[in-house]
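Data first, discussion second: the structure below is written as structure tokens.
The values are calculated or read from the model by the stated rules, or taken from the named source; none is laboratory data. This structure is a prediction, so every number in the text was calculated from the model and none was measured. With ideal geometry, Cβ positions are generated from the backbone for all residues, glycine too; neighbour counts draw on all protein chains shown.
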Amino acid sequence: MVNMIHGTGVRTIADDQTWRYGEQLPGTVSITLDLATFSNATKTKKEKYLTGMDDSATEVYIKSGLPLALITSGASEGLYGPYDPEASDGRQERVAGLLESQIKVNVTVGGWEVEDSEVVGMRFRGNVIVKNLPVVPAETVAWNGDFVSVDPETGTTKRLPNTVAAAAVPGVGA
């Protein structure tokens, strides 16, 4: 006798936005993700980048607040992926911004597809609780934009290192 098991992989996922501190000023731009930087990541990295992941999942979610970085070399040059100090395609250089909202990704036989579009919102300024980000960059990592780290327990604030004026972020300013 053969037992057949069918799993839909459907899950209800809560969007953890505890990385945000207070009301956010306007400060997002549209960018395009390279989904291969997520789907080809190691299992350990996927666990940090994604929620809803398991062997039978037909949909997963890229976590909001994930530090994103610009890909500056290779076939995906000009696209964005998760900041990764171990990358060699430019994503190791600096944090460009944070993924504004959780993104639903359909896992299909043909690969990964963002439910609506690979064009997503990236936050380039705001007050954040860095320790609550899905991936916490080292304190020495350079950030684009204008971010302030807030410690709600002590009330201390610190501008994140090597920030640049918002006009230097693609699509903002001129």
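Annotations for the structure displayed:
- The C-beta contact set for the range 97-115 (first residue part of a loop (DSSP other than H, G, I, E, B), second residue surrounded by fewer than 19 Cβ atoms within 10 Å (Cβ to Cβ), distance under 7 angstrom, 6+ apart or interchain) comprises Glu100/Gly121; Ser101/Gly121; Gln102/Asp15; Glu115/Lys104; Glu115/Asn106.
- The range 1-34, subset among the hydrophobic types (A, V, I, L, M, F, W, C) and at pLDDT below 85, residue farthest from Arg125 (Cα to Cα): Met1
- Inspection of the range 118-125 finds a residue satisfying the criterion of being aliphatic (A, V, I, L, M), closer than 20 Å to Tyr21 by Cβ and touching a strand residue (DSSP E or B) at 6+ places or on another chain (Cβ under 9 Å).
- Just so you know, in the range 130-174 the residues that are modelled with pLDDT of 95 or more, hydrophobic (A, V, I, L, M, F, W, C) and outside any strand (DSSP E or B) include one that is surrounded by the most Cβ atoms within 10 Å (Cβ to Cβ), and it is Leu133.
- The range 64-89: number of residues that are crowded, with 19+ Cβ neighbours inside 10 Å and of a type in the set (Gly, Ala, Ser): 5
- Picking from residues in the range 38-61 that are closer than 16 Å to Glu115 by Cβ and in a helix (DSSP H, G or I), the one that is modelled with the lowest pLDDT is Ser39.
Condition check ((1) in contact with a strand residue (DSSP E or B) (Cβ under 6 Å, 6 or more places away or on another chain); (2) of a type in the set (Gly, Ala, Ser)) across all residues:
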position: Glu77; (1), (2): no, no
position: Gly81; (1), (2): no, yes
position: Glu100; (1), (2): yes, no
position: Asn127; (1), (2): yes, no
position: Val130; (1), (2): yes, no
position: Leu133; (1), (2): no, no
position: Ala142; (1), (2): yes, yes
position: Gly145; (1), (2): yes, yes
